[in-house]
Every structure is written in C-alpha cells, then in structure tokens.
Amino acid sequence: MSQDLLSAVLAILRINVLLLALASAYYIRLFAVQTNFGRVIHEFDPWFHYRATEYLAANGAASFFRWYDRQVWYPLGRPVGTTIYPGMQFVAVWIWRFLNFLGPAWEMTLHDVCVFIPAWFGVASTAFLGLLTFECTRSVDAAICAAFIVAIIPANLVRSVAGGFDNECVAITFMNATFYFWCRALRGRSAVWGAIAGLAYFGMVASWGGYVFVINIVGLHAGCLSLWRFSTKLHRAYTALFLVGTGLAVQIPVVGWTPLRSLEQAGPLLVFLLLQVLEGLSIWRRRSKLREEDFRRLRFQVLLGAGAALALLASVLLKLGYVTPLSSRVRGLFVKHRTGNPLVDSVAEHQATSPRAYWQYLHHMCSMSPLGIVVSAASLTEVKAFLVLYGAVTYYFSSKMNRLVMLLGPMAGALGGVGVAWAVRWALRQFGVEAPSEEGDGKGDAGKGEAGAQNRPADKGGWREILEEVKRPLREAYQESILQRKATAGLVLLMVLVCGVEFIGYCWTVAERLSHPSIIKKQRSGDKETIVDDYREAYWWLRDHTPQDARVMAWWDYGYQINGLANRTTLADGNTWNHEHIALLGWCLTGPEEDSYEVIRHLADFVLIWGSPGGDDVAKSPHMARIANSVFGDLCAEPMCRAFHLDRETKRPSETMKSSLLWKLHAHGEEDVQVNPNLFEEAYTSQRGLVRIFKVLNVSEESRRWVEDPRNRKCDAPGSWHCQGRYPPGIHEILAKQKAFQQLEDFNAARDAKAEEYQKAYMSEAEQHVDAPGWSSLNRKASKLSATDLAPPPPRPGAPELGRSLTSPCMLTEEGVREAARAAQMQGVGLPALVLGTVSSADFPQSALVAAGRQATENRQGRPALTGNATSDRFAGDFVVPMTCNQMYGSRWKTALAEKPEDRPQLLSLR
C-alpha cells in the first residue's frame with residue numbers, strides 16, 4: 001500500500017471516528033429522553049436551576065441580581081441573584097432566545113432547552129478535550145482517541161445526562177476550553193490566546209464554584225514552567241489570562257473580590273506576581289547585558305527580598321482580616337480528617353472516594369491513563385507537563401471527596417487517549433506498518449526508529465553519558481528480539497480490541513443506569529414495567545389544591561422540587577448554607593408530636609414526607625435527629641442518637657422514634673398509629689404511598705402576618721432590596737435553646753470548649769457505630785471471600801451481552817463489604833444482607849461465592865428462604881452488591897429474581 005493511499009485511508013478513518021465520538025457524546029446522554037421518561041428535569045438541584053432560569057427569562061438580568069426569594073427558607077428567604085453562579089442560567093436563556101429567533105422550525109420551550117443543555121455541552125466538552133489533547137501531544141490519533149473516550153466515560157456522564165440541568169454540565173465544558181486555550185497560548189500569539197483563555201475561565205467562574213480548581217491548576221503549571229524554563233511567552237500568556245479572567249470574575253456577585261482575598265486562590269496570585277518580577281529581571285538583563293553568573297546572583301537576591309516583603313504583607317493582611325483563611329472543607333483535602341458535622345456526613349458525595357469507585361467511573365482507563373502519563377513524561381514538553389500535572393493533581397483531590405471524581409473524566413480521557421494511541425502505533429510499527437508522521441508528534445529521535453537515540457551525542461563525563469551506557473545493552477537486546485516484539489505487539493493489539501469493546505459496552509450500560517431520574521421510577525413485575533410517578537403527582541396536587549401562599553414543611557432534600565413543581569413556599573431546600581435552620585427542621589420532624597406542632601403551626605400550613613414501603617424519611621430520620629441534636633442538644637442523650645432507630649428485625653420503632661411526629665405521619669392509619677386529629681389532618685397520600693401530605697390545623701395567622709410585615713425584616717441598609725426575614729415571636733422559646741453549630745475543624749472560628757467536646761464524642765461514637773456487634777463476623781466472612789468473582793445473573797431477553805472483564809471488576813473484598821455496610825448504616829437502614837452469588841450460575845458453577853451462598857442459606861437460623869412467590873420489590877431493599885457490579889449489571893439483578901427463581905441469589909444474613 002502506497003504512502004499516499006495509506007494517508008488517505010487514515011484521514012477518512014480519523015474523520016469518521018471523530019464524528020462517531022461527537023455523535024456518541026450526544027446520544028449516550030439521551031437515554032432518559034428516548035425511553036419512557038421523556039423530557040424531564042432530574043433530581044433535586046436541577047429544579048432550583050430551572051426555576052432560577054425561568055425567573056431570569058421573565059424578569060431580565062437586572063431584576064435577577066436583585067431577586068430576594070421569599071418562597072424559600074421561610075421565613076428567612078434567600079437573595080438568589082447574589083448567592084448563585086448564574087452562568088448556566090444565562091446560557092440557557094440565550095440559547096432559548098436564539099432558537100426562537102431562528103423561527104418556528106427551531107422553537108423549543110425553555111424547559112426543553114434546560115433538559116437538552118447537558119447533552120449539547122457534552123458534545124462541546126468532548127470537542128475541547130480532543131483539542132486539548134492534540135495541543136499537548138500534536139498527535140491526531142491521541143486526540144481522536146481521547147475525544148472518543150471522554151465522550152462516553154462514566155465519570156464524564158455523572159452530571160451531564162439529559163435532564164441533569166446542573167452547574168457541572170456547563171462548567172466542565174468551560175474548564176476544558178480554558179485548559180485548551182491556555183496550552184494554545186504557550187505556542188504562539190500568547191497574549192491573544194491567553195486573553196481568550198481568560199474569557200473561557202470567566203465562563204467557568206460564572207458556572208460553578210469549582211473554578212478555584214481550574215485557576216490553581218493553571219497557576220501551578222505556570223509556576224513550574226517559570227522555575228523550569230521561564231520565557232516572555234509564558235509571562236504574556238499567564239498575564240493575559242489572569243488579568244482578563246480575574247477582572248471579569250470579580251464582576252460576578254457571588255464571587256466578588258474573593259480571587260484577591262481568599263487564601264485558596266493565593267497561589268495563582270503569587271505566580272502572577274512572580275512572573276512580573278521574572279519578566280522585569282529579564283528585561284533588565286537584556287538592557288544591561290549582565291553575565292549569566294551576575295544575573296543569577298541578582299535574581300536570587302531580588303526573589304529573596306520580594307518573598308520576604310510578601311510574607312510580611314501577608315501576615316499584616318491576615319491580622320487585619322483582609323485575607324480569608326482556608327475553609328475547613330478545602331483544608332480537609334490536604335489533611336486526614338472527618339468533619340464531625342452530621343449535616344455534611346449525611347451527604348454521600350462529601351465522603352472520601354473508595355478504590356472501587358475509580359473502576360466504576362473509569363473502567364479500563366484506570367490502566368491506560370497511567371500509561372499516558374508515562375508516555376507524556378518520557379518526552380516532556382511545556383504542554384505535556386500540563387497533562388502530567390493535571391493527572392496527578394486531579395487524582396489526589398478526587399481521592400479526598402467522592403464528588404470530585406467527575407474531574408477525572410476529562411483527565412482520564414486525555415491521558416487514556418495518549419496511552420491507547422501510543423500502544424497501537426508501537427504495535428503496528430513492529431509489523432512494518434508505519435503510519436504517516438503527524439505534525440509535531442513529539443517523537444523526536446524516537447520517531448526516527450529505535451536507532452535514532454544512538455545518533456545523539458552524549459555529554460562527556462556527564463550523567464547523560466552514564467545513562468547512555470546503561471541504556472545501550474538494553475537497546476541492543478530490544479533490537480535483537482524481533483520475534484518477541486511481534487508476539488507482544490499482537491497481544492497488545494488484541495488487548496486493545498477486547499478491552500475497547502468491553503469499555504464501550506460498559507459505558508453504554510452505565511449510561512442507561514445514570515439516566516434514570518429519581519423523581520420518576522420504573523417498577524418491574526415479571527415481564528411488565530410500569531412508571532411510578534408518585535412524587536410529581538404529589539407536587540402537582542399541592543399546586544392545584546392548596547392556596548398560592550401555602551407554606552410546606554418537608555425535609556431539606558425536597559425543597560427544590562416543591563418550589564419548582566408545586567410553586568409553593570418551603571422552609572428549606574437542597575442548599576446547606578444554614579445548619580441551624582435545617583436543625584430546626586429536623587427537630588420539628590423528629591421531636592414529640594405535640595412539641596413539634598407548637599413550632600410548626602407558626603411556620604407551615606402543610607407537612608410533606610416521603611414514605612415509601614422502605615420508609616425514605618424514616619430511613620433518613622436518624623440523620624435528622626443527629627443534625628437537630630447538634631444545635632438544640634435536647635433531643636438525644638448522645639450525639640449519634642442511637643436511641644432513635646428502627647429495629648431491623650421487627651421493623652418496629654424505638655420508643656424515641658415512636659413518639660416522634662415523623663413516625664406518626666409515616667405510619668398513620670397502620671395498626672394503632674394515628675396522628676392527633678386536633679393537630680394534623682391527612683390531606684393527600686399518593687397512589688403507592690410514596691408521598692404523604694398532612695394539613696396543619698389551627699395555624700397561627702398572627703405569626704404569618706408578623707413574618708409578612710416588611711417592618712419585621714432585617715435590611716442591610718435603609719431602603720435596600722436585601723432584607724432578610726426573621727422568625728416569628730411564637731417560636732422564640734425553642735430558638736432560645738439553639739446554639740450555633742461549630743464544626744470540629746472550622747479553622748476560621750474561635751474554639752468553643754463545649755462544641756469541641758460534643759464533636760469529639762460524636763466522632764468517638766461514630767467509630768463505635770461502625771464496629772458494633774455483627775461487624776466482626778461480617779469481616780471474617782468477607783476476608784475469606786476476597787478476590788472472588790461475583791457472577792452476574794443471566795441477561796434479560798434482548799439485553800446486550802456484556803463481555804467478561806479481564807480484570808474482574810466485581811470483587812468482594814473486606815473493604816468493599818465494610819463500605820457497603822457503612823453506607824447503609826449511615827442511611828439509617830442498619831446492616832444489609834449481602835449478595836454472595838448466583839446458585840445455578842453457568843458461568844461460575846464452582847464459584848466460592850456460590851458455595852458460600854448455599855452454606856449461608858442452609859445456616860439461616862430458621863429464617864425462611866427468600867424463594868417461592870417473592871417479587872423483585874421484596875428484594876429491593878434487602879441486599880446490596882459491590883458497587884461496580886450493581887452499576888454494571890443494574891436492574892438485571894432484580895430481573896433475575898423476578899423471572900428465574902432458580903437463578904436467585906442466596907443471601908448471607910448479617911443479623
């Protein structure tokens with residue numbers, strides 16, 4: 001095959017793969033829209049963002065930034081315009097108006113635009129990541145591979161499926177754009193490209209608080225380059241980015257002067273000052289024509305003096321309170337700690353990332369990304385150094401907080417693409433297939449063949465000569481082992497093919513699972529699937545059957561949905577900015593019925609709870625009690641509130657829970673449980689009992705009028721729009737017991753002895769909670785089953801066949817079992833039963849898991865076997881599987897339970 005023909009074939013192949021990557025980036029995010037769910041906004045936070053977008057579209061930017069929303073956090077309210085990152089809302093409105101401008105054929109509702117934005121920006125993010133990879137490697141193959149990987153990798157899908165209208169879906173695109181333009185600025189016309197990078201960074205700042213990560217990555221890269229090989233080009237690029245980006249960022253109300261005052265962003269500011277000093281010294285050197293030795297001495301003296309002056313200035317500013325210290329959460333990314341905050345502990349994404357999660361979200365990129373780092377580091381350039389730094393820093397921070405795993409998606413795509421492209425090119429070269437050279441492929445001497453490095457002159461007596469002496473026999477042995485290289489190359493190509501097919505199948509399977517909205521669910525019974533829409537129906541009932549000014553009390557998770565779907569006032573939403581207010585909410589729900597009523601009648605007209613058969617709010621109620629106890633201190637005798645629980649065996653509440661308002665609302669009408677008819681009245685129960693709404697009787701109209709009176713609000717200035725509401729006098733008795741919560745590692749606040757004593761007791765009891773009776777036997781059984789494959793059930797008819805992973809992702813380890821059980825216990829559902837395997841598995845008939853499952857079933861201590869006419873719903877809350885298996889095979893576990901009794905998993909009882 002001639003070189004021209006090969007080039008033409010490769011060009012066509014590359015174009016098609018790139019188009020396939022962009023198409024995959026779009027369609028893989030549309031599962032929810034293309035299935036029975038339709039164009040639905042998912043989860044909780046997206047409903048807040050959609051509501052804010054509606055307000056912006058209806059009232060304009062000026063009103064938006066002066067919007068004090070009194071339908072949320074009643075009676076306090078929230079200044080939305082100055083506490084929100086508004087970039088996504090503005091983008092959505094601009095797209096909506098542009099589509100309407102194009103004419104009727106393009107018109108879409110604002111709601112539908114918000115549904116599709118994650119998919120549209122997923123395509124843009126893929127394109128920018130491919131450009132970034134090309135800019136760093138100058139390899140078209142690496143860029144296309146990176147684009148294809150990042151288009152479908154689960155870590156990049158977590159917050160970007162259609163309907164997931166959340167900050168990150170737009171912010172990740174701006175992040176990739178910032179990184180691309182920054183690396184491009186280091187190649188030519190540095191000031192222009194640096195300014196464009198600053199504009200992209202402004203988009204990131206406007207969209208998400210994670211902008212701090214972006215500017216610190218760029219600042220770290222620029223700082224390292226300034227110490228390695230400073231140049232005027234570097235100075236111009238970073239100066240333009242910093243001045244444009246920061247100058248625009250401070251215009252966003254929620255950001256303000258934070259970039260110049262926060263210790264979290266002090267690094268990029270110091271790098272900016274360092275580059276100005278270095279550039280000034282370079283100009284001085286060129287004009288004065290100093291010798292190299294004299295210049296080095298001058299540079300050392302100047303930098304030493306500037307450093308001392310900056311240290312003195314920083315200490316003065318810290319004393320004056322101008323510079324804000326690191327927040328406890330940011331500091332927690334650098335020191336080993338736990339928060340001691342029951343509110344933070346109740347949010348799963350704030351926990352440290354488990355090793356298993358990396359496989360779940362990255363799959364085979366766990367092994368290809370390190371290869372990409374090695375390949376990049378082997379021929380290090382200024383821009384390749386960015387990829388290496390980006391990979392190392394992102395991995396470190398993602399290990400500290402589960403939520404930050406999403407930042408690994410672009411990094412894994414870029415480095416994985418580099419690794420895959422290099423492996424394929426090397427393997428083809430062993431068979432004499434030499435792909436046409438790519439522009440600036442970064443090969444250097446290595447690209448001229450294995451003998452290329454032999455022609456480089458070695459430094460006499462230097463370290464290069466010593467290194468050359470070490471490498472020479474290895475190079476000779478490599479060149480002589482032709483047969484071994486061809487065999488290895490064949491194996492590499494086979495591995496890339498097999499793992500690539502498996503990776504693609506895995507990503508599409510996981511994408512389907514990630515696309516299921518929590519607000520609508522599917523329920524399967526035999527061969528029939530039904531849509532469970534209780535939650536939206538309950539919110540619509542509120543919208544249609546309650547007064548416009550009705551106030552709804554619900555746990556803070558559901559506030560965004562109540563505001564967005566029912567358009568009713570809520571006492572709290574999904575934000576966690578006010579710990580004490582959420583604690584008051586928890587106290588009302590978990591306190592004794594009559595005591596709670598005396599507070600609720602001053603604040604709410606209706607109380608809404610989630611009450612599924614497993615008891616969503618009941619399962620969360622231990623968290624509610626702990627949060628309330630952290631502020632009021634009179635709900636439980638100890639911080640973990642162990643007396644507030646539901647017995648796993650009998651499904652009966654403890655005495656403390658039994659007397660709580662939440663339990664009476666949840667179990668109202670069952671057996672002998674009734675709410676006091678003089679206090680509450682059942683108003684609505686959804687079809688499947690997932691949502692219950694109760695009307696509060698004898699509501700205090702005096703308190704309502706007091707809160708609505710503008711004279712009782714606290715304004716930041718006379719005549720200002722920023723006027724915070726206040727609690728009515730009717731609840732001052734409970735507020736008198738309130739003590740502001742102080743986190744154990746809130747390093748910005750003065751120490752409080754009682755608060756510190758509480759938090760130490762909380763941490764101590766939390767550890768004992770994990771090591772409670774029953775854990776020891778769990779650990780012993782888990783350790784015996786380490787590194788054993790967990791066999792999946794057969795796929796349902798018509799389901800795609802998933803390849804077997806060469807690295808066995810479904811591992812049952814002691815750490816995995818403890819993690820699953822700890823997560824279940826933190827959710828208040830006690831110790832779960834653990835799926836050990838499929839009894840009649842054709843894939844692993846002699847699996848140790850199967851044998852252990854049989855033995856566990858035989859030793860159930862008289863408990864009835866879970867067979868016969870049991871349905872999938874019966875099992876849904878009774879077992880867990882290792883995370884990777886659950887994510888990979890999804891509902892197929894339940895399908896096997898419902899359709900094939902002979903293949904049902906055996907359960908190991910941990911009771």
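Label-to-label distance, ASP294 versus ALA8, with points set 7 angstrom from Cα along the beta-carbon direction: 6.4 nm.
Only Lys, Arg, Asp and Glu carry charge here, each on its Cβ (+1 for the first two, -1 for the last two); on that basis region 201-324 has a dipole of about 520 debye about its Cα centre. What a 1.4 Å probe finds exposed on region 532-737 is 47% carbon and sulfur by accessible area, rounded to a whole percent.
When the Cα positions of PRO268, ALA314, LEU225 are compared along the charge dipole of region 201-324, LEU225 comes out farthest toward the positive end, with charges on each C-beta of Lys, Arg, Asp and Glu. Working from Cα pairs under 8 Å separated by at least six residues, relative contact order for region 532-737 is 21 percent.
Does region 1-95 come out rounded, prolate or oblate by the C-alpha gyration tensor, with a ≥ b ≥ c the root eigenvalues, rounded set by a/c under 1.5 and, if not, prolate when a/b is larger than b/c and oblate if not? Because a/c hits 1.5 or more and a/b exceeds b/c, region 1-95 counts as prolate. Centroid-to-centroid, using Cα positions, region 233-275 and region 611-653 are 46 Å apart. For the cross-link pairs LYS528/LYS658; LYS233/LYS471; LYS651/LYS695; LYS695/LYS739, which exceed 32 Å when the distance is taken from alpha carbon to alpha carbon? Too far apart for the 32 Å limit: LYS528/LYS658; LYS233/LYS471. Separation of region 586-607 from region 482-560 is 36 Å, based on Cα centroids.
Solvent exposure of region 200-295 amounts to 44 Å² per residue of accessible area, where only protein heavy atoms count and the probe is 1.4 Å.
Legend: calculated FRET efficiency, ALA378 to LEU270, from the Cβ-Cβ distance at R0 = 22 Å, rounded to 0.05, equals 0.10. Charge tally around GLY122: other residues with Cβ under 13 Å, Lys/Arg +1 each, Asp/Glu -1 each, net 0.
Rounded to the nearest 10 square angstrom, ASP647 shows an accessible area of 60 square angstrom against a 1.4 Å probe. Close amide H contacts of VAL532 (hydrogens built in the peptide plane, cut-off under 5 Å, sequence separation of 5 or more or a different chain): LYS521, LYS522, GLN523. Between MET640, THR590, THR576, the Cα set farthest toward the positive side of the dipole of region 532-737 (charges on each charged residue's Cβ, about the Cα centre) is that of THR576. If you roll a 1.4 Å probe over region 201-324 with all protein chains in place, what percent of the accessible area is carbon or sulfur? Carbon with sulfur: 66 percent of the solvent-accessible area. Summing Cβ point charges (Lys, Arg +1; Asp, Glu -1) relative to the Cα centre of region 532-737 gives a dipole of roughly 440 debye. Here r is the Cβ-Cβ distance between THR82 and GLN34 and R0 is 35 Å; the resulting FRET efficiency, rounded to 0.05, is 0.35. Backbone amide hydrogens, once placed in the peptide plane, bring HIS42 within less than 5 Å of GLY164, PHE165, excluding anything fewer than 5 places away on its chain. Please list, in order, the residues from region 710-730 whose amide nitrogen is less than 18 Å from a point placed 7 Å along the Cα→Cβ vector of ASN698. What the label zone holds, given the 18 Å backbone N cut-off, is 730. In terms of packing, defined here as the mean over residues of other Cβ atoms within 10 angstrom, the peptides 70-82, 490-502 line up highest first as 70-82, 490-502.
Once both labels are positioned 7 Å from their Cα atoms along Cα-to-Cβ, the gap between ASP527 and GLN479 label points is 6.8 nm.
Packing around the peptides 47-59, 118-130, taken as the average count of other Cβ atoms within 10 Å per residue, puts them in this order, highest first: 118-130, 47-59. How many angstrom lie between the Cα centre of region 64-134 and the Cα centre of region 375-412? Here the answer is 28 Å between Cα centres. Of the peptides 9-18, 374-383, 238-247, 134-143, the ranking by mean beta-carbon count within 10 Å, highest at the top, reads 134-143, 238-247, 374-383, 9-18.
The values are calculated or read from the model by the stated rules, or taken from the named source; none is laboratory data. All figures in this text were calculated on a predicted structure; none of them were measured in a lab. Glycine also receives a Cβ, built like all others from the backbone with ideal geometry; neighbour counts cover every protein chain displayed. Side chains included, ligands, DNA and RNA excluded: accessible areas come from the protein's heavy atoms. Shrake-Rupley method; radii C 1.70, N 1.55, O 1.52, S 1.80 Å.
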